[in-house]
Amino acid sequence: MKSNTTTVNREQVTRVQNGWFFLVLALLAIVGDIYLLIHAFTGIERFGRPLFFPLAVGVLGIPAWIICLTGFFTLQPNEARVLLLFGDYKGTVRESGFHWGNPFYSNGKPGAVAAAAGADARAKGASLQSMIAAARAGRRGLNRNKISLRARTLNGGQLKVNDKRGNPIEIAAVVIWRVQDTAQAMFDVDDYENYVETQSESALRHIASLYAYDQGEEDEITLRSHVDEVSLALRGELHERFAKAGVQVEEARLTHLAYAPEIAQVMLRRQQAEAIIAARHKIVHGAVSMVQMALTELSERQVVELDDERRATMVNNLLTVLCAESEVQPVVNTGTLYS
């Protein structure tokens with residue numbers, strides 16, 4: 001008994017016949033078939049019956065050229081068609097234009113099955129995502145296994161996840177992708193569009209859990225301060241996940257990043273406190289430098305000789321002026337420091 005194993009498919013670019021040439025042949029065949037039918041019925045006047053051979057050829061020719069007409073198809077730029085003959089993959093046509101191929105190449109049967117599955121899903125009350133997936137599969141089937149090779153944009157919704165430190169955050173990303181291998185996209189995954197959406201969400205959740213939102217350790221990459229590095233890591237993970245479906249990631253970038261509403265106010269107060277502490281640290285550092293410069297200038301220029309007590313008083317006054325949040329009101333001392 002053979003086991004049912006999964007195989008990885010690879011795209012094989014192939015060529016089909018020129019559609020315009022076969023269109024001329026089809027028109028000539030139609031004209032010839034009509035001529036044979038007319039010629040067959042002329043035998044009634046001479047022999048009292050139609051001519052058997054021309055009539056047989058003409059009648060058999062009608063379904064023949066009707067079947068041949070179904071082999072015509074067109075491809076736009078950046079569009080491909082996967083050729084399936086009785087379940088066997090025969091190649092992919094990537095050249096745009098008017099073509100003619102084997103009329104028995106798969107045409108719309110998967111779409112009919114998908115449409116029936118979509119109706120079944122609606123009848124059973126399936127989820128909206130399942131219905132959309134069924135509708136997409138139906139469109140691909142009715143479009144004669146055509147696959148768009150154009151760049152597509154997946155603008156993901158906002159996801160609530162936990163960062164590296166367990167803080168709930170909201171994050172979203174935009175992914176630009178395109179189908180690179182049509183055989184893998186068609187045969188190695190059930191629905192490559194739904195696969196891209198699901199894997200994009202999964203990869204974004206995983207990346208968000210690897211980094212802290214902000215205020216990491218020294219030289220630590222964080223989501224807020226290292227957007228380019230995080231986006232590059234997201235693109236790398238998407239590339240690995242999409243390879244199974246023959247999809248190429250062209251760009252992946254974060255579009256939204258914020259704390260979840262339940263902790264947003266707390267984190268905002270923490271950020272404000274950190275900003276105030278950083279500002280105070282800078283103010284004090286600058287004030288001490290200015291006081292030191294003032295005392296050094298006074299001493300070097302011998303403007304005034306200050307003992308330790310007067311020096312301490314001057315330092316106190318200068319720091320009060322430089323570090324105070326409001327304007328300092330001067331006090332005039334009419335006496336001396338000691339009385």
Next item on the list: For residues that are surrounded by fewer than 16 Cβ atoms within 10 Å (Cβ to Cβ) and part of a helix (DSSP H, G or I), tally how many sit in the stretch 219-236.
Entry: 5
Next item on the list: Can you confirm whether the stretch 53-61 contains a residue that is more than 25 Å from Glu197 (Cα to Cα), loosely packed, with under 13 Cβ neighbours inside 10 Å and at pLDDT below 90?
Entry: yes
Next item on the list: Might you check whether a residue that is of a type in the set (Ser, Thr, Tyr) and in contact (Cβ under 8 Å) with a residue 40 or more places away in the chain occurs anywhere in the stretch 152-174?
Entry: no
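Any idea which of Asn102, Asn78, Asn18, Asn107 is at pLDDT 80 or above, within 19 Å of Ser148 (Cα to Cα) and among the polar types (S, T, N, Q)? I'd like the intermediate steps shown before the answer.
Details: Asn102 fails: within 19 Å of Ser148 (Cα to Cα); Asn18 fails: within 19 Å of Ser148 (Cα to Cα); Asn107 fails: at pLDDT 80 or above.
Only one candidate passes the filter, namely Asn78.
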Next item on the list: Look through the stretch 147-169, keep the residues that are open to solvent by less than 40 Å² (accessible area, probe 1.4 Å) and assigned to a strand (DSSP E or B), and return whichever of them is nearest to Leu83 (Cα to Cα).
Entry: Ile147
Next item on the list: Restricting attention to the stretch 281-303, report how many residues are surrounded by 11 or more Cβ atoms within 10 Å (Cβ to Cβ) and either under 14 Å from Val315 (Cα atoms) or of a type in the set (Ser, Thr, Tyr) (or both).
Entry: 12
Next item on the list: Among the residues of the stretch 177-195, write down those that are open to solvent by 50 Å² or more (accessible area, probe 1.4 Å) and at pLDDT 90 or above.
Entry: Arg178, Gln180, Phe187
Check: Name the residues in the stretch 63-75 that are open to solvent by less than 60 Å² (accessible area, probe 1.4 Å) and of a type in the set (A, V, I, L, M), would you?
Finding: Ala64, Leu75
Margin query: I'm trying to understand the selection: among the residues of the stretch 5-33, which are open to solvent by 90 Å² or more (accessible area, probe 1.4 Å) and either more than 41 Å from the chain's Cα centre (by Cα) or at positive phi (or both)?
Written below: Leu27, Leu28, Val31
Item checked: Single residue of His239, His256 found to be open to solvent by 10 Å² or more (accessible area, probe 1.4 Å) and assigned to a helix (DSSP H, G or I) -> His239
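The values are calculated or read from the model by the stated rules, or taken from the named source; none is laboratory data. From a predicted model like this one, the values you see are computed outputs, not experimental measurements. Counting neighbours? That spans all protein chains shown, and the Cβs are built from the backbone with ideal geometry, glycine included. Please note that ligands, DNA and RNA were not included when accessible areas were found on the heavy atoms of the full protein model with its side chains. Shrake-Rupley method; radii C 1.70, N 1.55, O 1.52, S 1.80 Å.
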